[in-house]
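**Student:** Once you've had a glance at the structure underneath, I'll fire off some questions.
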Amino acid sequence: RAKDEGGGRHCTYEPSLHAHAEERRKLEFSLRHALERNEFSLMYQPVVDATTEQVLSFEALIRWNSTEHGFVSPAKFIPLAEDTRLIVPIGDWVLRTACAEARNWPEHVKIAVNVSGEQLLDPYFAETVVGALASTGLSPHRLEIEVTESIFVRDGTTAQMTLENLMGIGCGVALDDFGTGYSSLGYLRKMRFSTIKVDRSFVQGAAKDNPESLAIVRAVVAMADALEMSTTAEGVETEAELECIRRLGAKKIQGYYFGRPMNRTDALALFGQTRFKERAAG
Ligand code: C2E
Ligand code: MG
Ligand code: MG
Ligand code: MG
């Protein structure tokens, strides 16, 4: 290439930039066809009661097995789907699929669905949720929408209004990855989230006796208690992390220790078991 352009001056970085843009273009092309080609699936990760270890809910996590690219991580394609607004139809599919699946579970088990800012700011978002609930017959009380702090940065008022509409019909709203974003306590004063999800980085830090992480988790739990919100500790992987998080008083636990994201069959099979400990013990 350098020769074609008559000089090698840019060749140390330009080809890699070009390759990056080209890769992204290809990924975007594939993403545009992924829904019609049925390339998405959902995995379900259990969230358990910190005290009783009963399954309270599952979080739906999207997976993309692309014809051209194989499995692509959500960390890679969700931002692309957001930039191109493809997240709106994809998110619609996630909602309908997740709500339909939750109908197969015991009545007390909820489904949590991640929602991006682009979806929330779409004028039809509330209708999409209501449509997914109506067509599957799932009670709104069994659906929890997960949003991150970033949604309050762009158009906080619209986001808040939409979420309040959904809470008005009985849906829960969880604040995901708490502590990693643009943490501002302003919106905690205005909105009653059902759950604050404490990011995995704090869980790991606390279990390693990092004083800052310990203080932050303790403070978030105390604040959530006072505001009558529940708390979920994300990314609990080890017994040590579990014990630490229990002592700090988080109400719910999610993480590899209790279960990795699993397919619908494995999720359903968990209801044969009453407690996870028995399962872990074999
Ligand atoms: P998230 O909502 O914070 O989901 C939790 C992520 O942590 C998931 O990654 C899950 O597999 C992973 N995880 C759970 N427990 C553990 C653990 O013990 N250790 C470790 N190391 N990781 C754990 P995943 O499935 O790759 O999803 C990444 C992110 O992609 C999600 O983060 C969420 O922000 C986004 N995402 C996933 N599905 C959807 C979707 O349907 N719609 C939208 N808008 N975003 C989604
Ligand atoms: Mg989430
Ligand atoms: Mg999270
Ligand atoms: Mg996270």
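The values are calculated or read from the model by the stated rules, or taken from the named source; none is laboratory data. A quick note: this is a predicted structure, and the numbers were derived from the prediction, not measured. Note that each Cβ is placed from the backbone with ideal geometry, even for glycine, and that neighbours are counted across all protein chains shown. Note: areas computed on protein heavy atoms with side chains; ligands, DNA, RNA excluded. Shrake-Rupley method; radii C 1.70, N 1.55, O 1.52, S 1.80 Å.
**Student:** Of all the accessible heavy-atom surface of segment 134-260, with the other protein chains kept in place and a 1.4 Å probe, what percent is carbon and sulfur? Spell out each step's value before the answer.
**Tutor:** On the way: 3040 of 5830 Å².
So the carbon and sulfur contribution to the accessible surface is 52 percent.
**Student:** OK, next. Using a 1.4 angstrom probe, figure out how much accessible area the chain has per residue, in square angstrom, rounded to the nearest whole. Show your work: numbers first, answer last.
**Tutor:** Details: 14370 Å² over 282 residues.
About 51 Å² of surface per residue is accessible.
**Student:** Probe 1.4 Å, all protein chains in place: accessible area of Lys76 in Å², nearest 10?
**Tutor:** Around 110 Å² of this residue is reachable by solvent.
**Student:** Could you work out what % of the accessible surface of segment 43-130 is carbon and sulfur, using a 1.4 angstrom probe and leaving DNA, RNA and ligands out of the count? Kindly include the intermediate steps, with their values, before the conclusion.
**Tutor:** Details: 1970 of 3660 Å².
Accessible surface attributable to carbon and sulfur in segment 43-130 totals 54 percent.
**Student:** Something else now. Taking the alpha-carbon set of segment 12-71, what are its Rg and Dmax in Å?
**Tutor:** Every Cα atom of segment 12-71 included, Rg and Dmax give 18.3, 58 Å.
**Student:** Which residues does the label zone of Arg192 cover in segment 108-152, counting backbone N under 16 Å from a point 7 Å along Cα→Cβ?
**Tutor:** Only 141 pass the distance filter.
**Student:** Let me ask you something else. Looking at segment 77-125, which chymotrypsin sites (Phe, Trp or Tyr not before Pro) are DSSP coil and have at most 14 other C-beta atoms within 10 Å of their C-beta?
**Tutor:** On the way: sites: Phe77, Trp93, Tyr124, Phe125; in loops: Tyr124.
Of the chymotrypsin sites (Phe, Trp or Tyr not before Pro), the ones in loops of segment 77-125 whose Cβ has at most 14 other Cβ atoms within 10 Å are Tyr124.
**Student:** Right, next: Calculated from DSSP H runs of 4 or more alone, at -39500 (n - 2.57) each and per residue, what is the 222 nm mean residue ellipticity of the chain, nearest 500? Let's see the in-between values first.
**Tutor:** On the way: 12 runs with 131 residues, N = 282.
Computed mean residue ellipticity for the chain: -14000 deg cm²/dmol.
**Student:** For the chain, what does the convex hull of the Cα positions come to per residue, in cubic angstrom?
**Tutor:** On the way: hull volume 48.7 nm³, N = 282.
About 173 Å³ per residue, rounded to a whole number.
**Student:** Show me the helices of the chain, taken as full DSSP H stretches, that run 20 Å or more along their long axis by Cα and average -0.5 or above in Kyte-Doolittle hydropathy. Spell out each step's value before the answer.
**Tutor:** Values: long enough: 14-34 (30 Å, -1.17); 87-102 (21 Å, 0.88); 151-168 (23 Å, 0.18); 211-226 (22 Å, 1.12).
The qualifying helices are 87-102, 151-168, 211-226.
**Student:** Using only the alpha-carbon atoms, what does segment 2-160 span along each of its principal axes? Please give whole angstrom values in decreasing order.
**Tutor:** 69, 35, 35
**Student:** Inverting the mean 1/r over all pairs of different Cα atoms, compute the Kirkwood radius of segment 93-177 and quote it in Å. Don't skip to the end; give the middle numbers.
**Tutor:** Numbers: mean 1/r = 0.0778 Å⁻¹.
For segment 93-177, the Kirkwood estimate is 12.9 Å.
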